[in-house]
Structure formats: C-alpha cells, structure tokens
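The structure appears below as structure tokens.
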Amino acid sequence: MGKLFFYVALALVLVSGLVFAPEHAGLAIHPMDQFTVKALFGGDHVAWYTPTNVTLWMFLAIGAIFVLLVMGSANRGIVPSRAQSIAELAYGFIYKMVEDVAGKDAVKFFPYIMTLFMFIVTANFLGLIPMSFTTTSHFAVTGVLAVVVFVAITITGFVLHGVKFLGLFWVSSAPLALRPILALIEVISYFVRPVSLCIRLAGNIMAGHAVLKVFAGFAGALGAASFLPIFAISAFYALEVLVAFIQAYVFTILTCVYLKDALHPSH
Amino acid sequence: MASNTHDAGHGAADAAHGAADAAAHGSSGMPQLDFSTYGNQIWWLLVTLVVIYLILSRVALPRIAAILNERQGTITNDLAAAEDLKAKAVEAENAYNKALADARAEAQRIAAETRAEIQAEVDEAIAKADAEIAAKTAESETAIAEIRATALDNVKLVASDTASALVEALGGKDDTKLIAAAVAERTEG
C-alpha cells in the first residue's frame, strides 16, 4: 500500500513538473510573502480594526479550541470519547506542568497559562495547513504574548512580595563583592526574558515556514526533478509539526518557570 | 503565494497593484517588520486572547475539571463499595462460623442435659428399686423370724409332749412343771 502510494505520488510529481514547468521557468522564490498581513475584504490600508488574514486565522484558532475543548467535552463521559481524551490530556498536561514547575500556589494562574498554551499550539498547527497564515510567526503577536507574561509576572511578584521581590536579583549565597555584578547580570537576564520568549517562538515558526517555501520554490523551478525538494518538504514538514508543539511547550514552561520566580523570589 | 495571484494574464491593473504591493512590503523584506500592521495584529490578538480566556475559564476548564473529578469520584466510590462488600463478606463468614460454633455448643449442652436427666431417672429408679428390695427383705425376715419362733414353740411343745410320754412310758409320774422346766433349759441352751 505504501509502495503504491509512493509510485502514484512520484508519477503525479513528474507529470505536474512536466506540465507546469514552462510557466515557472524562472527561479521565483518569495519565502516571506506568506507572512504578509492583508485586508480580508480588499483595500491596501490596514487599520487597527481592519479584518485581516490575522483576524481570520486567529478566529479559526478560537473555533478549533472551542471544538476541541468545549464540544469535545460536551458529553461529559466517564469513559471519554477521542476528542474528550485530547481535551483531558491537554488539561492534565498543562495543569501538571503548572503544579510541578511553578508550585501548588500557582494553580490559580492555570486558566491564563492554559489560554497561552492553547492559543500558541493551535495557531502553530493551523499555520501548518498549506496556504494558511501563521499568526505566531509575527513578532507583533509573540511580542505581545511575551510582554503580557512579563508584565503580569512582574506585577504579581511586587504585589505578593513588595520590595522583597527585588531579592530575586540579589544573590545572597554569593560572596558580597560579587553580588553587585551578579545583580546587574540578573537584572539584564530578567529584562531579556520577554525578548527571548518573543524571538524564540516567532523565529522558529517563521524560519520553518520560510524554509518550506524555499523548497517549494525549488520544486517549481526544477521541473521533472522537483520530486527531490518535495521529499525534502515532506521531511521538513514532519520536523515542523514537532516544532509547532515544542515551541508552544517551551513558551508555556518558561512562563511557569518565571511565575515560580514571582511566587517564590528567594534563591 | 502573492506572486501566484498576480499572474501575468490578469492585465495591467493587476501588475500595477502587484508593484504597489511589492513597494509596500517588499522594501523591508520581512512582513514581520512592517510596523504599519502592528496595531491591527495586536488588536486582534488581544480580542482572541480574551475570547479564548473566557471560553476556557467559563466553560471548558470547569467542565473538564468536573469530568476528571467525577471520574476520580466514581473510581474511589467503586473501590470503597468493593471494600465494603468485602468487609460484609468477611462479616457474614464470621457470623456463619459463630452460628456454627453456637449450634455445636447448644447441641453439646442439650446432650449433656439429656444425659444428666436420664442419669437422674435411672438413679431414682435404682433407689426406688433398692428401697422396695429392702422393704421386701425386711418383710421376709419378719416372716422368717415368725416362722422360726413358731417352729421353736412347736419344738418345745413336741419336746414336752414327747418327754411326758417317755416319762409315763417309763412309769414315772407325769410332772408337768418339771418337764417344762427341763425342756426350757435344754432348748435355751
């Protein structure tokens, strides 16, 4: 069965390469065009309220989350259905992460962290649909996520611990002479957190999608030999599926780590 | 993708549009750094996050938590019920054993009681029989003593008659008093 599929795919690729090759003879690779923000209903001007492809794919993410978590669990089965199993799995996964990484008292932040995770993971996977728009590939989006996390955690820290929260930067276990230097490093690393969160997520997703597009451009230019880049795309796509989940996981677990700092600032 | 939609066949207007598009986005190279769309993205992101948060915190998370709790509760209840039934089974077995032991003890008690009753009846019967035997023995002895006494008297009578007849036959004088005294002396001796 797999072998048959392989030959059919190969034949399709060869035929399509022969038929369509002349039109795309030039090497026309525009890997970044897929990230362009466009107004949905025409017009070049993109105001803050204009419904754009960002809006469309974010709303699709909301829809997917609704279908998975709300409709999936609608039966409330003691023995879960498939969708309900996934919903329970996601719930248990994030709940346990919050509890284990950030501590038991962090459980009240669980809905916020679940929101973050579900948005990122859903947007990443929706972005893997061919011809789709990946909202998490934009620094504006991941930057807002990172800044929201950063601000929320800083405020939480100061509300819970007041000035003592600054003890996070004062490494009391180090020799006294080293402490100011360490404090400087700690402060810098604290403020780099949102930047790294933002760039890690958007950078990974953007790079992966751009590479896929570059291979696709090769496939268009190589004619009959295009099966090579298409196989490369298949392999890379599998990697991107992994990255889509791992980046959401990394973003969430780092949020939990930072939240733990805010709840228990002592070293 | 954009280049596909602006194919040459679509005419000059499209070509001009494509050029404008390229001028707007192509110059920076990365749409990610096109700050004119940031307001739009941030606005829709905030809307999305709020909507997802509301869906999760109002509906999805409480429901899933309830489902998980219910399952945990069901499992715990089932285990408790099983434990309960097991305890009941053990209790029933104990009750059965106790009933068995009670019955055995009762049976032994009844047997012992019956044995004692029978023993008592037998003893009574034996005592009664002994008493009757003793009474009959005493009666018999009285009768024997009477008979013996009668026999002695008869012996005396016979002896004195015989003695007086002998005395008469020998020609002596029948002295009744003397003979009686002699007979009494002999029979007493």
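FYI, it's all coordinate maths here, none of it is from the lab. Owing to the predicted nature of the structure, the values given are computational and were not obtained by experimental measurement. Please note: Cβ atoms are built from the backbone with ideal geometry, for glycine as well, and neighbour counts cover all protein chains shown.
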Hits among lysines - C-alpha to C-alpha of residue B:86 under 28 Å, sequence gap 8 or more where chains match = B:98
In straight Cα distance, which aspartates and glutamates are under 16 Å from residue A:104, not counting same-chain residues fewer than 8 positions off?
-> A:261
Average other protein chain Cβ within 10 Å of Cβ, residues A:81-87 = 1
Listed here are the pairs A:3/A:213; A:96/A:260; B:136/B:156; A:108/A:260; A:108/A:164; which of them are more than 18 Å apart at the Cα?
-> A:3/A:213; B:136/B:156; A:108/A:164
Cross-link partners of residue B:88 among aspartates and glutamates (Cα-Cα below 18 Å; sequence separation of 8 or more within a chain) = B:78
Calculated FRET efficiency for the pair residue A:104/residue B:71, C-beta based, R₀ 22 Å, to 0.05 = 0.55
Determine which residues of the range A:138-166 fall in the zone a paramagnetic label at residue A:199 would reach in this model, i.e. backbone nitrogen under 20 Å from the point 7 Å along Cα→Cβ.
-> A:138-151
What 222 nm value per residue comes from the helices of chain A, counting each DSSP H run with n ≥ 4 as -39,500 (n - 2.57) and dividing by all residues, nearest 500 deg cm²/dmol?
-> -22500 deg cm²/dmol
